[in-house]
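Worksheet for the structure shown next.
Every number here is computed from the coordinates shown, using simple stated rules; none is lab data. Treat the numbers as computed from the prediction; the structure is a model and nothing was measured. Cβ coordinates were reconstructed from backbone atoms using ideal geometry, including for glycine residues, and neighbour counts include every protein chain displayed.
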Amino acid sequence: MSEKSEQQRLSVFKTYKLYVGGKFPRSESGRVYEVSDSKGKWLANAPLSSRKDARDAVVAARKAFGGWSGATAYNRGQVLYRVAEMLEGRRDQFTREVADAEGLSKSKAAAVVDATIDRWVWYAGWTDKIAQVVGGGNPVAGPFFNLSSPEPTGVVAVLAPQESSFLGLVSVLAPVIATGNTAIVVASENAPLPALSLAEVLATSDLPGGVVNVLSGRTAEIAAPLAAHQDVNAIDLAGADEVLAKELEIAAADNLKRVLRPQPVDYAETPGIDRMTAFLETKTVWHPTGSLGASGSSY
Amino acid sequence: MSSVFEYAPAPESRAIADIAPSYGLFIDGEFVEAADGKVFKTVSPSTEEVLSEIAQAGSEDVDRAVKAARRAFEKWSALPGAERAKYLFRIARIIQERSRELAVLETLDNGKPIKETRDADLPLVAAHFFYYAGWADKLDHAGYGANPRPLGVAGQVIPWNFPLLMLAWKIAPALATGNTVVLKPAETTPLSALFFADICRQAGLPKGVVNILPGYGDAGAALIAHPDVNKVAFTGSTAVGKEIARTVAGTKKKVTLELGGKGANIVFDDAPIDQAVEGIVNGIFFNQGQVCCAGSRLLVQESIQEELLESLKRRLSTLRLGDPLDKNTDIGAINSEEQLTRITSLVEQGEAEGAERWSPACELPESGYWFAPTLFTNVTQAHRIARDEIFGPVLSVLTFRTPDEAVAKANNTPYGLSAGIWTEKGSRILAVANKLRAGVVWSNTFNKFDPTSPFGGYKESGFGREGGRHGLEAYLDV
């Protein structure tokens, strides 16, 4: 027995998979690509998504939209908070993955993971407040009840930032779903593993399947069919470079998608509400009030 | 219908609107000729009479106007909000003072009935300036953080259906937030914008803050593409909106688009029929149906279809079509020959596809551009008249059995601007309003507007909102 105990234990690798419609499929294309750490050491083979994977993800996101957007804001907040709970439990795993992905020291990576978990908690608290902050009654000059409320715009394609594989990812994903949209996320091209592991967290956090769909691969290749897709309502171009962003914005014009252009963002800072309002519509409802007439009682 | 009520003509005098034989472009506080000397004529759609000859802006003029707006921006944006507010209040007051003149002018140039310009357009135009005037010194409280900054030069392109109202929607929030403006009115309705230029002069507005460039689509395209324009605002067709979205791609220009619609007006079996009929008429025949948020698809619950259609047809028979300057006129002229051709061709297609066409007995004047109020029954969702925006006095009637079916049909469109619900049941109003994918939902009313109330569409009806606190965002760096 002593011979065996001297041998180093062989670790179990993980096959990283996509996350679509609450399931973990391999890429339809059967392709993978090598993901390595900052020093070039091989970490894993990640799925190389195809346009078919992108289309499948849109179908899943559309299917999930009715339920998720129709859920109460309180319920969405509970689900988002549950995600934070699950993340906390996997803190060590994500610290390792972020350290590998971004070449950070263990302590720096841990700080990034903590900030990311806190960001989820921050957005969890927004679900039932945003409507009060950006909506409300309008004092129209007539006998009408007139109320504006924000509503999710629909299915949002999110190109996650390339450099910030976890904090950046969560900073662009959480606001989209906190407000009731459903999302297709294209993970950071060179550092997709934290995103693919986040999917495992989402799958065990009461988040309905299809609300978030995670794809890995070549950002430009996956983003093109998403930007052109007639059933995608909006696109966040955070992870696109200038040339690709322009190309995608032109494609997005075809069905007038809401476009959030790439901009310099310090993901460590507490965000404002812009990333939430970018994917909200305002619906205004009018109704006559039956106001009092001159006689004093007309209703 | 001529039997019961015979109305004597009640024409508004046109003498109050003094239209000059020619107008220039309004750049940097002066009326000037177009750089290439081009001019075009604007005609009255109800008579085809030439009203005036207008300088036609080209790309060189666009460049001149943008430069003027850029020069004016520095001082205008640095002005304390309270001072900007006072200019806007002045403008609002002058509009009120001159509202009869402007109403007549608008009716002449656009063809819409005087009772609409007088009672709907002009009061709203003044109200928009009043509303946004009050924001100018309160921007810190608008919810966009402390000291929100203006964007710079706003390039604005507006349509011909509500020429002065669309101008107010665009210019009032732009000025309140400290931006300067280059606005291109539509080629068929340039006059009221040029009269507005005169109001700016009366109000003592600094030169270059507002520039008006009458012209065609090429001038609008040059304005939107101009590298020194920071903000693009457009109201018009979805096709042009998409082109604009492509043009601004990859730039830093902020853009808002108010585009087309194919609004559903849903009538449930417990609706107050008489009120609903008034709402339906208002929804599709207001401004000859040339309204982006028109209720052009009537969805009637099957059980009351017969009763409702009978009432509706009876009501349509009392509409009076004719001289827009007559105060009793309900239906005026179609804005242009081009638009009349488009309406005619879509209606012919409706018939060819098998829908049943009906119009009340209606005599059309011999000159001018006219189209009788028209109703289509036997319409299916696949028919072009149920899918395309007609932008004319044409109503397509479809039916449904359950609220779910009504919602599904109402949402079965790439547009998402407006919708109407008619029912006495409060919970049904709220449930259906919740499920409709539209920016404005009118329940038991239709086509109501107010400067405090944000307006704008979902999906291919565009981005952004105009009006209310929401309307400020389009002009602020947030």
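Side notes on the structure shown:
- Every Cα-Cα pair of region B:341-478 was included, and the share exceeding 26 Å stands at 38 percent.
- Span from the region A:139-158 Cα centroid across to the region B:92-152 one, whole angstrom: 22 Å
- Square roots of 5 times each gyration tensor eigenvalue, C-alpha, the protein assembly as shown, largest first, Å: 50, 31, 23
- The packing ranking, built from the mean of other Cβ atoms within 10 Å per residue, places the peptides B:434-444, B:377-387 in the order B:434-444, B:377-387, highest first.
- Evaluating 6.51 cos²θ - 1.76 cosθ + 1.60 at θ = phi - 60° for every residue in region B:237-246, the Karplus couplings come out as 6, 5, 4, 5, x, 5, 4, 5, 4, 5 Hz, glycine and proline recorded as x.
- Over region A:1-160, all Cα pairs binned in 10 Å intervals from 0 give whole-percent P(r) values of 9, 21, 30, 23, 9, 5, 2, 1, 0, listed from short to long.
- Per-residue mean of C-beta atoms belonging to partner chains within 10 Å, peptide B:430-438: 3
- Each residue, B:Arg201 and B:Glu33, gets one label point 7 Å from its Cα in the Cβ direction; the gap between the two is 1.8 nm.
- The alpha-carbon atoms of region A:32-288, seen along their principal axes, cover 70, 38, 31 angstrom, with the largest extent given first.
- Loop-resident chymotrypsin sites (Phe, Trp or Tyr not before Pro) (DSSP state other than H, G, I, E or B) in region B:1-101 with no more than 13 further Cβ atoms inside 10 Å of their Cβ: B:Phe5, B:Tyr7.
- Projected-area average for chain B over all orientations - Cα convex hull basis, square nanometres: 21.6 nm²
- Radius of gyration over Kirkwood radius for region A:115-238, both on Cα atoms: the Rg/Rh ratio is 1.06.
- The Cβ shell under 15 Å around A:Pro150 holds other residues with a net charge of +3, Lys and Arg each +1, Asp and Glu each -1.
- Region B:1-131: C-alpha gyration tensor shape, a/c 1.5 cut-off, then a/b vs b/c: oblate
- Averaged over B:443-454, number of beta-carbon atoms from partner chains that fall within 10 Å: 6
- Average other protein chain Cβ within 10 Å of Cβ, residues A:260-268: 1
- For B:Tyr144, net neighbour charge (Lys/Arg +1, Asp/Glu -1) across residues whose Cβ lies under 10 Å away: -2
- Antiparallel %, DSSP beta bridges [both residues in region A:32-288], to 5: 50 percent
- Evaluating kT/(6 pi eta Rh) at 25 °C and 0.890 mPa s, with the Kirkwood radius of region B:354-422 over Cα pairs in the Stokes-Einstein relation, gives 176 µm² s⁻¹.
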